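Have a look at the structure below before the remarks.
The values are calculated or read from the model by the stated rules, or taken from the named source; none is laboratory data. From a predicted model like this one, the values you see are computed outputs, not experimental measurements. Every residue, glycine among them, receives a Cβ derived from its backbone with ideal geometry; neighbour counts consider all protein chains shown.
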Amino acid sequence: MDNAIQTSYNEAKKLYERHGIDVDAALARLSQIRISLHCWQGDDVKGFLRKDQELGGGLAVTGSYPGRARRPDELRQDLDEALRLIPGQHKVNLHAIYADTDEQVELDALEPRHFAGWVDWAKERGLGLDFNPTCFSHEKAKDGFTLSHPDPEIRRFWIDHCKASRRIAESFGRELGQPSVTNVWIPDGFKDSPVDRLTPRARLMEALDEVFAEPIDEKYNIDAVESKLFGIGSESYVVGSHEFYMGYALSRGIAVCFDAGHFHPTETISNKLSSWLLFGREMLLHVSRPVRWDSDHVVTMDDELLEIARELVRGELLDRTHIGLDFFDGSINHIAAWVIGTRNTQKALLRAMLEPIGELKQLELDGDYTSRLALVEEFKSYPYGAIWDYFCASQGVPVREAWLTDVKEYETNVLSAR
């Protein structure tokens, strides 16, 4: 290890130790947190099952940065490059349309064998795999409804697809020895104000009950449902609202997904996490960055990311939280987006771990709000960067912006040939 990195780490460590913070323990804890990298950042949410299918479900990717993955092997190659530049051991989050198969297979007929290439790749690298049914970009979703569709035949198709997705995820968990999180998100809703808000939600509830009725070993699969405030084509009414899924998940004992971009522009999720985990067992967290609406920008070190990390660390909620990324930016290098987003998420968690939490809680309990505020503010300028540099070096990944050189070389040698 570089002497300057070691020296800076030693000096920073002394400052933190004055407040009783065990820096080595924080780094050991950080190294155990698996963040799920979303595969759809690598190819602009195209997928491989239906190459001629237009992106739907109110989703949109802007930009045409060259070099996006066109095949499963290219996407895995790009993920390898990204993971090589990120400290720690992580997971990859797959959507159903990323099946690795030459078969012409429909979504409701997908089986674990269609993802064998992904499992073999993940097993070789010690990675976990998460999963999502793809309830968009399909002719049976072109009118904006899936699991809550009024047509029972169309609804049956999506129910069967979600059932198949849970079986696939369970197989991932069995093969890889770590649970797979299956997250159900649907685009269902109306562009203009509906007359009947209740009936579509009743249909959704019944459909979900059928999806989750099949026994799946929780040791291998964790079910989650994800809400959204609105989308393109569902500006006035979303069937799967936050309130709907909160009630559903609590009553059915499954996890809720909190996506940082799926709420009102002035609403944050950091203040919701502790409330949910007082009542719910587990939580899926989609780290994203909204800009005015759910635009899914690459995660930066903004105030909300830090507040999310602080809530998880201060409340000791990490063991019950599954963290994944969810953004798709086609205007910049696809691999750089993964690296920036993941490393920022890790940095935020580290900064939260390097706060004198016990001391701050005692000050708050004592009513010494002056000291609480002063200490919180002073720790914002503590040298966490020196601790982060040491963590990267000790994990064998590039320190600071050195990773960008590797990405640029990869772009020249690999991406430019696509």
Which one is surrounded by the most Cβ atoms within 10 Å (Cβ to Cβ) among residues in region 374-401 that are of a type in the set (A, V, I, L, M) and out of contact with any Leu (no Cβ under 9 Å at 6 or more places or on another chain)?
A386
Can you say whether F327 is farther than 27 Å from I387 by Cα, hydrophobic (A, V, I, L, M, F, W, C), part of a loop (DSSP other than H, G, I, E, B) and touching a residue at least 40 places away in the same chain (Cβ under 8 Å), as far as the supplied structure shows?
yes
Taking the residues in region 170-205 that are of a type in the set (F, W, Y) and not in a loop (DSSP other than H, G, I, E, B) as candidates, determine which candidate is nearest to W121 (Cα to Cα).
F172
Any hit, region 55-67, residues being in contact (Cβ under 8 Å) with a residue 12 or more places away in the chain and of a type in the set (V, I, T):
yes
Out of the helices (runs of 4 or more DSSP H) lying entirely within region 1-120, which hold 1 or more residues that are in contact with a Pro (Cβ under 7 Å, 6 or more places away or on another chain)?
3-17
Within region 380-410, residues of a type in the set (F, W, Y) and closer than 23 Å to Q6 by Cβ come out as Y382, Y384, W388, Y390, F391, W403
Boolean, A213 is at pLDDT 95 or above, over 22 Å from D143 (Cα atoms), small (G, A, S) and out of contact with any Lys or Arg (no Cβ under 7 Å at 6 or more places or on another chain):
yes
Could you grab me the full set of residues in region 17-56 that are more than 30 Å from R68 (Cβ to Cβ) and surrounded by fewer than 16 Cβ atoms within 10 Å (Cβ to Cβ)?
E17, R18, G20, D22, D24, A25, A28, R29, S31, Q32
Can you find a residue that is hydroxyl-bearing (S, T, Y) and either modelled with pLDDT of 95 or more or assigned to a helix (DSSP H, G or I) (or both) anywhere in region 129-137?
yes
Residues located in region 264-312, provided they are over 17 Å from the mean Cα position of the chain (by Cα), crowded, with 18+ Cβ neighbours inside 10 Å and within 24 Å of K219 (Cα to Cα):
W276, L277
Criterion (modelled with pLDDT of 95 or more, in a helix (DSSP H, G or I), under 17 Å from I33 (Cβ atoms) and of a type outside the set (S, T, N, Q)) met by exactly one of L375, L350:
L350
